Amino acid sequence: MFNLYNARASHFVPLTAVITMTVFRLFGFANVGGNGGVFLMGFFSSAIDGLKTVITAIGAGIGVWGVINLLEGYGNDNAGSKSQGIKQLMAGGGIIILAQTVIPLLSSLFGGGGGEGGGEG
């Protein structure tokens, strides 16, 4: 009987492999265990697109918050609020630029950058 308290690390390797293969088959990833390995490019592509969208939305939110602080600083003649607003506006713009330029480079990190296939080598 498998006892979790007396288990060694070598007992968990086959168990995690079986669980991983089962999950991949349940979600319909193609070529599991075949010659090409696990083909997850569709998953990574959609995850990277979602990550890019979320980070862009966060940057836009920070930028809008900065504009509100900036306008509030001009309305109340408050130099501190103006300074904080311009900092937030620039930070939001920087996050948006980062999301639009750096996050798509993650797809090449996971092997989807040239059409050559998945990163085996």
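Read-outs throughout are calculated quantities, based only on the coordinates presented, and are distinct from any laboratory measurement. Bear in mind the structure is a predicted one, so any value in this text is a computation, not a measurement. Positions of Cβ are generated from backbone atoms using ideal geometry, with glycine treated the same way; all protein chains shown enter the neighbour counts.
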Cβ-Cβ FRET estimate between Leu109 and Ala60, R0 fixed at 22 Å, reported to 0.05: 0.30
Estimated inter-spin distance, Ser83 and Thr101, nm [label 7 Å along Cα→Cβ]: 2.8
